[in-house]
Amino acid sequence: MKNLWNDAQSPAATDAIALRVYSSRLLGQDKTLVLHGGGNTSVKIAEPNAFGEMEEILYVKGSGWDLEKIEAAGFSPVRLDHLKRLAQLPSLPDPAMVNELVTHMTRAAAPVPSVEAILHAILPFKVVDHTHADAVITVSNSVDGAARIKEIYGDAVVVIPYVMPGFDLARLCVVEFAKQAGPQTIGMVLLNHGIFSFGNTARESYERMIDLVGRAEDYLKRKQAWDITWTAPVAATDAGLDLARLRKDISALAGFPIIVARTVDSQALAFANRPDLATIAQQGPATPDHVIRTKRLPMLGRDVAAYATAYRAYFEAHEPQAKERKTMLDAAPRVVLDPRLGLCAIGRSAKDAAVVAEIYSHTIDIIARATALGGYRALPAKDIFDVEYWDLEQAKLKKGGKPAAFAGEVALVTGAASGIGKACVDSLLARGAAVVGLDLNPAITTLYQRPDFLGIQCDVGAEDQIKAALQRTADAFGGLDMLVLNAGIFPAGCRIEDLALDAWRKVMNINLDANLVLLREAHPFLKLAPRGGRVVIIGSKNVPAPGPGAAAYSASKAALNQLARVAALEWGNDNIRINSLHPNAVFDTAIWTEEVLASRARHYGLTVDAYKRNNVLKVEVTSRDVAELAAEMCGNLFAKTTAAQVPVDGGNDRVI
Ligand SMILES: [Zn+2]
């Protein structure tokens, strides 16, 4: 365990909140301590209230904040005396407990305090840290875990048997802490859940966390259960359609389209090929709160129907014991382990899938090390069910709101690094799609650093590069729902009598042939799109109204238009619809520099502004206008339309 405390960077000792933020972030930075909203921290501070009286306030992490990026505003101030009184109650339902937390804050706009607030309150230390450290839960989730924890820590920690988070856990800790704590106590282990450290300063508590987790790591090293060698077969690079079929089956079961993100590093692939997988990967999650992200068990192989049957049986076995009636969540897996596909993480969005992938990658290490220690033992299914169907977790899920229009769907845009293509990427991302951008320009690979975007440098004129890009699309997101054919070239003006065959062929190659290959290669993927495939062709005003000097361009776009119409006829049965839009005079793209605009305007005897608005409606047409129409053509408005051609040109008298 690396101690990241840096005196030069830490805030002044007098600023308790700034210090609390600083050391919370240190914990959050280390993914082996906490992942995605896991863990929580607090500090107790005396403050004057409105009457000038001093009051003890517990600043505890608010829900919805991640320790890695937490700010002062992410801590909820709750009156400490009230929390300590609550801890004396014999029982308190969790929703009532949350109500007590929220109604005893001193800042109305603060987030809902962590459900572990009472637990933080009863620990008699100024600063309290709680993580789900990999090393500690590895030991705790192994055969004889409780005894091993005792062996590692002796009287340095209080040990709490597993109880679900919430009021009952806080209540048990009150009793056990009083019984077990002594002058040596610097932490508390919650078996099968995580670890607490505490101290009188942020630094003391942080360093105790590092010390305690380090002891578990050292123990695993001593027992030869730390370094795992992963020997994996070579990853298949042609698994695209297998992934798309899997995605279609899981989406049908879930009732909404999902993203499938494939991981084929040696750890994932070797784990998915372990002969003991059916035992070690079917025990349960490493810590109960992962169940919300990963479900209790991964699916092994691709039998989605069998997974659904088993999930229903699990629900029906445990629901009758719940305090109140529960509604079954979707039965779709969130983690798939397959010998050929490796680890597939599933989410309603690419961001969700990325979170699942990261959690499960840590889970693999935990399972493998616990197995090396003698055997991985997760909590019984009943305990996991209680967390999965906990009122408070259910409330969190409901708060998510209505999903975006293209949530769980995948779009591919060609010529995506700039102009109309980039605007299409933005419009599709804004509607919740995961987007793959292709472009010849290497800048595409760094256009956006976010989990729902993949930029691939690709020459659309090269068949093998298109095929490889589609495989990468399926690896990243599981398939393809929407294809926006935008890449094209517009050569300098040239009359037919001067047009060389090479120049003609170059235009045809990019504007027509490349799109034929893209359509052909994308077809099997589009056919497997959970809500049907959609293709949008960025055509041109030149299709209905060609221009002199633009023979190659006009002919290529007209041929593309005809190709799209035939595709609409052929693919209707596959539930794929193809629509075209015909932009004109879109000037906010790279080819239209200030100089070119000024010279064209002069040519027509117009000002630049009048030249830009030289159409029936006298409006300027922007890349964004075109992109928004392209995105809408993929949406519900056009659900019953195929082979439409819509101008987006401000009205052109030659077209009308
Ligand atoms: Zn916890």
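Brief remarks follow.
- Considering only MET508, PHE125, ALA468, and ranking their Cα positions along the charge dipole of the chain that arises from unit charges at the beta-carbon of Lys, Arg, Asp and Glu, the one farthest toward the positive end is MET508.
- Centroid-to-centroid separation of region 390-457 and region 195-267 [C-alpha atoms, Å]: 24 Å
- Dividing the summed -39500 (n - 2.57) terms of all DSSP H runs of n ≥ 4 by the residue count of the chain sets its mean residue ellipticity at 222 nm at -12500 deg cm²/dmol.
- Accessible surface of GLU594 - all protein chains present, 1.4 Å probe, nearest 10 Å²: 150 Å²
- Restricting attention to the chain, close to 50% of DSSP beta bridges with both partner residues there are antiparallel.
- Of the residues LEU101, LEU501, LEU617, ranked by 1.4 Å probe accessible area with the largest first, the sequence reads LEU617, LEU501, LEU101.
- Helix 551-571 and the longest principal axis of the C-alpha atoms of the chain enclose an angle of approximately 60°.
- Here's how it looks for VAL535: its modeled amide H is under 5 Å from those of LEU483, ARG577, ILE578, ASN579, which are all 5 or more places away or on a different chain.
- Mean-position separation - Cα centroids, region 588-641 and region 547-571, in angstrom: 20 Å
- Taking all protein chains together and rolling a 1.4 Å probe, THR607 ends up with roughly 90 Å² accessible.
- Accessible area ranking (1.4 Å probe, heavy atoms, ligands and nucleic acids excluded), largest first, for PHE477, PHE51, PHE490: PHE51, PHE490, PHE477.
- For region 105-228, the solvent-accessible area with a 1.4 angstrom probe is 35 square angstrom per residue.
- Judged by the mean number of other Cβ atoms found within 10 Å, the most tightly packed of the peptides 10-20, 295-305 leads the ranking 295-305, 10-20.
- Nearest-ten-degree value, helix 463-477 long axis tilted from longest Cα axis of the chain: 30 degrees
- Ordering 631-639, 119-127 by mean Cβ neighbour count within 10 Å, with the highest value first, yields 119-127, 631-639.
- Between the residues ALA564, TYR553, PRO583, the greatest Cα displacement towards the positive end of the dipole of region 526-591, with unit charges on the Cβ of Lys, Arg, Asp and Glu, is found for ALA564.
- Cβ-placed point charges (K, R +1; D, E -1), dipole of region 75-138 about Cα centre in debye, nearest 20: 300 debye
- Whole-angstrom gap from region 119-156 to region 460-483, using each part's C-alpha centre: 46 Å
- Where THR363, THR231, THR263 fall by accessible area, highest first, once all protein chains stay in place (1.4 Å): THR231, THR263, THR363
- The chain - charge dipole about Cα centre, Lys and Arg +1 at Cβ, Asp and Glu -1, debye rounded to 20: 940 debye
- The fraction of accessible area contributed by carbon and sulfur in region 567-609 is 52 percent, rounded to a whole number (1.4 Å probe; ligands and nucleic acids excluded).
- At the residue level, HIS523 shows approximately 40 square angstrom of accessible surface with a 1.4 angstrom probe and all protein chains present.
- Rounded tilt (10° steps) of 304-318 against the dominant C-alpha axis of the chain: 30 degrees
The values are calculated or read from the model by the stated rules, or taken from the named source; none is laboratory data. Given the structure is predicted, the values throughout are model-derived calculations rather than measurements. Every residue, glycine as well, gets a Cβ built from its backbone with ideal geometry; the counts of neighbours run over all protein chains shown. SASA here: full protein model, heavy atoms, side chains in, ligands and nucleic acids out. Shrake-Rupley method; radii C 1.70, N 1.55, O 1.52, S 1.80 Å.
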